[in-house]
């Protein structure tokens, strides 16, 4: 299945991408081999994949400025037919995300500008069938999540120490950001129905009250892991969890494709690569 209308809520910013052999030590000075600028932020990363799969999607999140970088983002959203009518536009500086990618595809990220932004509230989210929220945004809408009864809420990554005390359907989070005790608390207290623990070098683990399933994507060489976690959450948020094993298998395949190719994965390619994903109950 897939939802008809999905909201991607979170960071909206240009990604300034620098490709280097290695990250310099403190005080170091290097030149990048290549430089790119692209529309980014988790909300845009998720939305462009969802739109690529033929599903209607819109973005909300931080405000963007009346500046060249803001104009760049708005032009991209318009050209991509991603809904943006509720995006806040004011006199702030558009936030940016600088991403340094080494020869192994590993990233070092420096983001700036979000703290000075206004953020959309969740008054209009019931127009959507499903909502994906990124970890940077939780603190700005946490009270909304606690006080409103939302359904089909999917969160990508946990949120920099923000306690999860609101109900969500599915949490995608790095194993480095949550421990077993906290994961069990979220499941046992019914804050979260499913948790997908991801890892760059180890199999993912799908946790629920019923147990643990280990998910091993194909071992592709990582070219650039930027957006791999976002596309994983985007697939889950766009297709739902009625068949949670199939959805998660396909989502992990999508993440592997992005990390190995740096391109938007089609549904056909995802279904092809998902046959290589190993599922093992633990």
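The values are calculated or read from the model by the stated rules, or taken from the named source; none is laboratory data. Since the structure is predicted, the reported quantities are computational estimates derived from the model, not experimental observations. As a convention, Cβ positions derive from the backbone with ideal geometry for all residues, glycine included, and neighbour counts pool all protein chains shown.
Taking (1) surrounded by fewer than 22 Cβ atoms within 10 Å (Cβ to Cβ); (2) at pLDDT 95 or above; (3) touching a helix residue (DSSP H, G or I) at 6+ places or on another chain (Cβ under 6 Å) in turn, residue 92 satisfies each apart from (2). Of the residues contained in region 241-250, one or more are found to be in contact (Cβ under 8 Å) with a residue 40 or more places away in the chain and within 15 Å of the chain's Cα centre (by Cα).
Of the residues that make up region 118-129, is at least one surrounded by 14 or more Cβ atoms within 10 Å (Cβ to Cβ) and over 16 Å from residue 10 (Cβ atoms)? Yes, there is a match, as at least one residue in region 118-129 is surrounded by 14 or more Cβ atoms within 10 Å (Cβ to Cβ) and over 16 Å from residue 10 (Cβ atoms). Taking the conditions (1) touching a helix residue (DSSP H, G or I) at 6+ places or on another chain (Cβ under 8 Å); (2) surrounded by 14 or more Cβ atoms within 10 Å (Cβ to Cβ) in turn, residue 81 satisfies each one other than (2).
Within region 132-162, the set of residues being surrounded by fewer than 19 Cβ atoms within 10 Å (Cβ to Cβ) and at pLDDT below 80 comprises 149, 151, 160, 161, 162. Please work out which residue is surrounded by the fewest Cβ atoms within 10 Å (Cβ to Cβ), limiting yourself to region 259-282 and to residues that are in a helix (DSSP H, G or I) and modelled with pLDDT under 90. The extreme case among them is 261. Number of residues in region 52-78 that are exposed (fewer than 15 other Cβ atoms within 10 Å of the Cβ) and closer than 14 Å to residue 8 by Cα equals 0. Counting only strands (runs of 3 or more DSSP E) that sit wholly inside region 1-109, those with at least 3 residues that are closer than 30 Å to residue 271 by Cβ are 5-10, 34-40, 56-61.
In the set (1) at pLDDT 85 or above; (2) part of a helix (DSSP H, G or I); (3) closer than 24 Å to residue 205 by Cα, residue 173 fails one condition alone, (2).
In the set 130, 199, only one residue is within 20 Å of residue 251 (Cα to Cα) and in contact with a helix residue (DSSP H, G or I) (Cβ under 9 Å, 6 or more places away or on another chain); that residue is 130. Taking first residues from region 98-119 that are on the phi > 0 side of the Ramachandran plot and partners that are modelled with pLDDT of 85 or more and not in a strand (DSSP E or B), the Cβ contacts under 9 Å between residues at least 6 apart in sequence or on separate chains come to 113/92; 113/93; 113/94; 113/95.
The number of residues in region 217-258 that are at pLDDT below 90 and outside any helix (DSSP H, G or I) comes to 11.
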